[in-house]
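Comments concern the structure below.
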């Protein structure tokens, strides 16, 4: 481990939320051996009590818990602008993983997971967060208002309006994907590139996650329209955003 990572670990507080005492203590002990400050909570109620008492840099959150499940707890964390979350679940299907990511989780691991893999994922999320705190150069900052094929998108407010000026609801994942397309129109983007643009360069690569997101986004961009193709599949390469994009 290099010095930068070591310093980051020593100043980082992680909260592990799991109803299985053995699992949460095992993870906490492993993280503490690697320099993190780790604390635990047995359920979402205890999690919120801990969060009221102090700040945490990241939460490791189990999905399957009695009374209130992890996805419900994640939704409340997102509403309260809480710390980044890595989900753990004994249900490791693609659909469950996609749902967790769309709801705002930074990453998602199937249980049982290798503690070393969890450690790597935690560090990856923290690195992404550190990079995100630094403003990009002025010429790389996205313009606030953009138009394409009659649509209007506000990148800062995260709002999308159709050609009839009706607000269209997008999930977090769908908006990030559309933002990646809008900022790079008329270019073929591979699935790996879209994953990097939409979730960060250290994200896990789930090709099917991108395919599902593109399909859902296409439906929302085509409902009630003239059928014009906005996102084109380029066989064996990826996807291309067809319309020109101009300042609003």
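Values in this text are rule-based calculations from the coordinates and carry no lab data. Model, not experiment: these values are computed from the prediction. Note that we place each Cβ from the backbone using ideal geometry, even for glycine, and neighbour counts take in every protein chain shown.
Of note:
- Pairwise FRET efficiency - residue 20 versus residue 234, Cβ, R0 = 51 Å, nearest 0.05: 0.65
- Available extension along the chain between residue 218 and residue 188 is 9.2 nm, counting 0.36 nm per residue and deducting the alpha carbon span.
- Taking 245, 59, 188, 212 and counting other C-beta atoms within 10 Å, the order from fewest to most: 188, 212, 245, 59
- 32, 183 arranged by Cβ crowding within 10 Å, fewest neighbours leading: 32, 183
- Ranked packing of 153-160, 23-30, most packed first, by mean Cβ within 10 Å: 23-30, 153-160
- If the segment from residue 166 to residue 110 were pulled out straight at 0.36 nm per residue, it would be longer than the present Cα-Cα gap by 16.3 nm.
- Estimated FRET transfer efficiency (residue 13, residue 149; beta-carbon r; R0 45 Å; 0.05): 0.45
- You can think of it this way: the chain between residue 72 and residue 90 has 4.8 nm of extra reach, that is 0.36 nm per residue less the Cα-Cα gap.
- Using R0 = 22 Å, the C-beta based FRET efficiency linking residue 37 and residue 120 works out to 0.75.
- Least to most buried among 161, 56 (fewest other Cβ within 10 Å first): 161, 56
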